[in-house]
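A quick write-up on the structure given underneath.
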Amino acid sequence: MNADRPKQRVVIAGGGTAGWLVAAALGRLLGQLIDVTLVESDEIGTIGVGESTIPTARTFHRLLGIDERAFMQATNASFKLGIAFEDWGAVGERYFHSFGVLGRSTWMADFHHIWLRARDEGDGSALGDYCFELQAAEAGRFATSDKATINYAYHLDASAYAGFLRGVAEAAGVKRIEGRIADVRQAAESGFITGLALQSGQVIEGDLFIDCTGFRGLLIEGALETGYEDWTHWLSTDSAIAVQTQATTDARPYTRAAAHRAGWQWQIPLRHRVGNGLVFASEFVSDDEAAAMLAERVDGAMLTDPRVIRFRTGRRSKAWNRNCVAFGLSSGFVEPLESTSIHLIMIGIMRLVKLFPFDGINEALVDRYNEQSQRELEGIRDFIILHYHLNRRSDSPFWSRCREMAIPDTLAQRIALFEESAQAYQDAHDLFRVDSWVQVMLGQGLEPKTHHPMARLMSRDQRRQALGDLKRNIASAVATMPSHQAFLDQYGAASPAR
Ligand SMILES: Cc1cc2nc3c(=O)[nH]c(=O)nc-3n(C[C@H](O)[C@H](O)[C@H](O)COP(=O)(O)OP(=O)(O)OC[C@H]3O[C@@H](n4cnc5c(N)ncnc54)[C@H](O)[C@@H]3O)c2cc1C
């Protein structure tokens, strides 16, 4: 890097969760090397949903030096230990995808092989009995400390989160400009973006542009016409209706995802209210029907007017095109069933920091970035399709179609491998761990034909003893924990009165 060169100017378009996450990270991590400016329009506003996260958020916050208590207070956050899936495999069934580790694995075979063996012999109990986080979630208990190894994420208020991150970014020197982008200026020959012209007439020039303008993709698509790979033939939900309600019970330390006849409903308990929404396929459910279904299914009084959001599942053909990198909704969208969008923003930011084009943009750098982004998103896509495809519901054409549709080869291979030999895996680019795949495949009713023979090396008595000890240890550890609500109340400000 040439030390005499002027600082590179990074211009971020959009101030939703994506824009302010990028701004906070670039400001904190590279602020001495680059100038960062963010443009946002209060008049346009943000999407206002996106409130359930996965544990990688904690790592990201740590890298940025964010204090957990301050963050939780500012965003009215609660703790999350996983997701409860209701009515997915079949109506009336329920399973849990927790962030915890299942039992104890050996290098030769994962724990679920031992569990399958025990189950075949009529021993042992539910798989979830051997997972600490899952048991804590079901008991409504939670505690953490600097030394604790509990694996958790957060439920947070999306608007408050963007505001909190703005504070972090501005303290790190990021400049904010309020205004509506009216035009994206490009160099005639290269097509590189040179500046953003605001409605006020002001032009913000830069070297690298970050598109965080949401579904509009004002820069990456509007100006650069990058293209979009459509995945709606695999994931045909295309709408959501969201509403905030008053809390009627203590906050549960998990997200609820309850399937309905053409999609599913989320329930995200925050410290001060509950976020609710119905994801649906508009081909089968009208907006009015969705609104009626949602009203019927929420518990507390509505605090906002229900709002319909349309989306198209897929990915931007290149997340990085010329001198523009897209984050958040402008880079593509896979529906929020496993709360992966905010994670994708964070992991994308870390990748950009590592590959930052200090010495100019070159094809190899851009290709590397795009290839990694694509593989990550495809892995998540497969995991989401798995939930829809492995179903035995017979109550609607939507679920029949999900069951009968052709699925990506990558997923078909995973399903076949598990069915034949109970093997699950996590490749280098995969977000989801073996235990995640196992919980969802078994939860959706996929029964493996056999298990690893290693599970037979233990005698039946040894296995019974080991499983019994494990279950007892987990149950007694959970019993010593405070309730999630009690822990929340002493961890930072008390929860607002309901
Ligand atoms: C129904 C639904 C549920 C979701 N649930 C989850 C979840 O539980 N967990 C999760 O991780 N993710 C979830 N997501 C995804 C999550 O909401 C987004 O990834 C996240 O909010 C980032 O959004 P964004 O910043 O890209 O876009 P937005 O919030 O839409 O922000 C766009 C920004 O661009 C600005 N802008 C746009 N045009 C202009 C212009 N012309 N001039 C100036 N500024 C402009 C806007 O003012 C705004 O500041 C969900 C998404 C949907 C649709």
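Residue count for the range 294-337 satisfying the condition of being surrounded by 23 or more Cβ atoms within 10 Å (Cβ to Cβ) and assigned to a helix (DSSP H, G or I): 6. Taken over the range 39-97, the criterion of being within 17 Å of A251 (Cβ to Cβ) and β-branched (V, I, T) is satisfied by T53, T75, I83. Taking the criterion of being buried (at least 20 other Cβ atoms within 10 Å of the Cβ) and of a type in the set (D, E, K, R), the only residue of the range 338-375 that qualifies is E338. When the range 199-227 is limited to residues that are of a type in the set (S, T, N, Q) and over 22 Å from N362 (Cα atoms), the one that is nearest to the ligand (Cβ to nearest atom) turns out to be T213.
I'd like to verify a number: residues in the range 294-340 that are more than 30 Å from L81 (Cβ to Cβ) and of a type in the set (S, T, N, Q), how many?
Residues meeting the conditions: 4.
Being touching a strand residue (DSSP E or B) at 6+ places or on another chain (Cβ under 7 Å) and either within 16 Å of R315 (Cβ to Cβ) or surrounded by 15 or more Cβ atoms within 10 Å (Cβ to Cβ) (or both) is a description that does not apply to L390. For the range 437-485, the candidate set comprises residues that are among the charged types (D, E, K, R) and under 31 Å from the mean Cα position of the chain (by Cα); within that set, the residue that is nearest to E138 (Cα to Cα) is K471. Residues in the range 362-393 that are farther than 20 Å from M346 by Cβ and touching a residue at least 60 places away in the same chain (Cβ under 8 Å): I385, H387, Y388, L390, N391, R392, R393. One residue alone among T213, T232 is surrounded by fewer than 21 Cβ atoms within 10 Å (Cβ to Cβ) and either modelled with pLDDT under 95 or closer than 17 Å to R310 by Cα (or both), and that residue is T232.
Annotation: Y161 fulfils all but one of (1) surrounded by 14 or more Cβ atoms within 10 Å (Cβ to Cβ); (2) more than 23 Å from R252 (Cα to Cα); (3) near the ligand (Cβ under 10 Å from one of its atoms); the unmet one is (2).
Among the residues of the range 275-298, those that are closer than 14 Å to A242 by Cα and more than 13 Å from the ligand (Cβ to nearest atom) comprise D287, D288, E289, A291, A292, M293, A295, E296, R297, V298. Output the residues belonging to the range 58-106 that are under 30 Å from P453 (Cα atoms), of a type in the set (F, W, Y) and buried (at least 22 other Cβ atoms within 10 Å of the Cβ). Selection gives F96, F99.
Here's the yes/no breakdown for (1) within 15 Å of the ligand (Cβ to nearest atom); (2) of a type in the set (S, T, Y); (3) farther than 23 Å from D288 by Cα:
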position: W234; (1), (2), (3): no, no, yes
position: A242; (1), (2), (3): yes, no, no
position: T245; (1), (2), (3): no, yes, no
position: A259; (1), (2), (3): no, no, no
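Contact annotation: residue pairs with Cβ atoms under 9 Å, 6 or more positions apart or on different chains, pairing a residue in the range 40-63 that is free of Cβ contacts under 8 Å to residues at least 12 places away in the same chain with a partner that is assigned to a loop (DSSP other than H, G, I, E, B) and not aromatic (F, W, Y), are G45/G16; H61/D67. Please work out if L33 is aliphatic (A, V, I, L, M), closer than 19 Å to G173 by Cα and crowded, with 18+ Cβ neighbours inside 10 Å. Answer is no for this residue. What are the residues in the range 136-160 that are more than 22 Å from the chain's Cα centre (by Cα) and farther than 15 Å from R256 by Cα, if any? Listed by number, the residues that qualify are R141, A143, S145, D146, K147, A148. When S400 is tested against (1) free of Cβ contacts under 8 Å to residues at least 60 places away in the same chain; (2) on the phi > 0 side of the Ramachandran plot; (3) polar (S, T, N, Q), just one condition goes unmet, and that condition is (2).
Conditions tested, residue by residue: (1) surrounded by fewer than 18 Cβ atoms within 10 Å (Cβ to Cβ); (2) outside any strand (DSSP E or B); (3) within 16 Å of the ligand (Cβ to nearest atom).
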{"residue": "V11", "(1), (2), (3)": "no, no, yes"}
{"residue": "W20", "(1), (2), (3)": "no, yes, yes"}
{"residue": "A24", "(1), (2), (3)": "no, yes, yes"}
{"residue": "R28", "(1), (2), (3)": "no, yes, no"}
{"residue": "G48", "(1), (2), (3)": "no, yes, yes"}
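If you go through the range 30-40 and keep only what is more than 16 Å from the ligand (Cβ to nearest atom) and either more than 19 Å from A197 (Cα to Cα) or in contact with a helix residue (DSSP H, G or I) (Cβ under 7 Å, 6 or more places away or on another chain) (or both), you end up with L30, G31, Q32, L33, I34. On inspection, R252 qualifies as more than 30 Å from E404 (Cα to Cα), modelled with pLDDT of 95 or more, crowded, with 16+ Cβ neighbours inside 10 Å and basic (K, R).
So that you can scan it fast, the table gives a plain yes or no per residue for (1) touching a helix residue (DSSP H, G or I) at 6+ places or on another chain (Cβ under 9 Å); (2) loosely packed, with under 15 Cβ neighbours inside 10 Å; (3) at pLDDT below 95; (4) outside any loop (DSSP other than H, G, I, E, B):
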| residue | (1), (2), (3), (4) |
| --- | --- |
| I384 | yes, no, no, yes |
| C402 | yes, no, no, yes |
| Q423 | yes, no, no, no |
| D435 | yes, no, no, yes |
| G445 | no, yes, no, no |
| H451 | yes, no, yes, no |
| L470 | yes, no, no, yes |
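Would you check which residues across the range 307-357 are away from the ligand (no atom under 12 Å from the Cβ) and closer than 30 Å to A258 by Cβ and list them? Across the range 307-357, the qualifying residues are G314, R315.
So, A412, is that one under 23 Å from R94 (Cα atoms) and among the small types (G, A, S) or not? Answer is no for this residue.
The values are calculated or read from the model by the stated rules, or taken from the named source; none is laboratory data. All values reported here derive from a predicted model rather than from experimental measurement. Backbone-built Cβ (ideal geometry, glycine too); neighbour counts: all protein chains shown.
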